[in-house]
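I have placed the structure first, in the form of structure tokens, so that the comments after it can refer back to it.
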Amino acid sequence: MEKLNNKELKKYKAIFFDFGGTLMCAESDHIAHLHMMKEVIQKYNLSASPEDMVTKYNSFLFTKEMTLLDTDPEEKSFTPLRESTDRAFRGTLSQCNLESSNEDLRWFKKIFLGNHKKYLKLFPETLEIIRQIRNNNSIHIGIISDIDTDFLKFQFDAFGISKLFDSITTSEEVQIYKPKEKIFQVALNKASCQGKESIIVGDSYKKDIVGGKNVGMTTIWINKFQPDNTDTEKADFTVTHLKEISPILKELIK
Ligand SMILES: [Mg+2]
């Protein structure tokens with residue numbers, strides 16, 4: 001084991017997963033957005049490419065609090081994803097010199113959900129890993145995600161995975177984003193355990209790993225995008241792909 005020796009191996013009561021980029025393939029989210037923008041181009045007779053429209057849409061999508069860019073750590077601002085997506089759609093249309101009515105927004109909501117339901121994908125090994133944990137242990141399996149509760153439940157129903165998880169904790173529920181301590185504490189309360197009795201698996205070092213370690217969790221970082229990052233001291237384990245966590249989990253929660 002990388003950083004935990006035998007003496008430190010603990011009896012874990014809970015394991016938490018981030019959703020986007022950890023269990024759900026982030027590339028599939030991009031594909032869902034491309035298809036969504038194809039429908040927008042068709043409806044409004046636009047000449048832009050889907051790729052250009054997604055770039056425009058993404059430029060309006062996330063607040064600095066969500067992305068942790070230039071944020072004041074004490075800032076508590078939170079925006080539900082549904083407001084961010086409405087803002088991004090309106091901003092995208094306004095860049096095409098179009099105004100959006102309430103009817104347009106209702107239509108957009110429909111194609112947003114429809115395309116995410118159709119194109120969003122879990123990683124191929126996600127189900128196997130969750131089922132392995134579920135079959136072999138009485139450990140609590142939870143989700144901690146910077147997302148809206150209704151959207152996460154909608155996607156989990158679409159994937160047919162709602163019953164695999166004991167708890168879901170979202171930023172919307174807590175009104176703050178990771179890595180703020182409160183979202184991790186709320187998740188821990190649902191699992192009736194302490195940070196040191198739990199594991200977090202996530203792809204964002206700043207959100208999942210720093211946030212989890214701040215409440216004492218054992219941290220598994222899926223580092224896909226920062227291979228040269230050496231500032232990784234809060235990660236107890238670092239892998240590059242979800243499938244690599246299986247042997248680690250076998251040791252930690254056998
Ligand atoms: Mg993520």
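Readers should treat all values here as calculations from the given coordinates under stated rules, not as data from a laboratory. Predicted model only: the values in this text are computed from it and were never measured. Here the Cβ positions follow ideal geometry from the backbone for every residue, glycine too, while neighbour counts run over all protein chains shown.
In this structure, the pairs whose alpha-carbon distance is over 30 Å, taken from K11/K207; K109/K250; K13/K117; K206/K254; K11/K118, are K109/K250; K13/K117; K11/K118. Projecting the Cα atoms of S171, Q132, T149 onto the charge dipole of the chain, computed from C-beta unit charges around the Cα centre, puts Q132 farthest toward the positive end.
FRET efficiency for the K250 to L105 pair, using the beta carbon distance and R₀ = 41 Å, is estimated at 0.30.
A Förster distance of 45 Å, applied to the separation of the beta-carbon atoms of V186 and S49, puts the FRET efficiency at 0.60. Our summary gives the chain a relative contact order of 25 percent, counting only alpha carbon pairs under 8 angstrom and 6 or more residues apart. Taking each residue as 0.36 nm, the span from L113 to K196 lengthens on full extension beyond its C-alpha to C-alpha distance by 26.2 nm.
Once amide H atoms are placed 1.01 Å from N in the peptide plane, what residues at a sequence separation of 5 or more from I168, or on another chain, have their amide H within under 5 Å of its amide H? Close amide H contacts, sequence-distant or interchain: I143.
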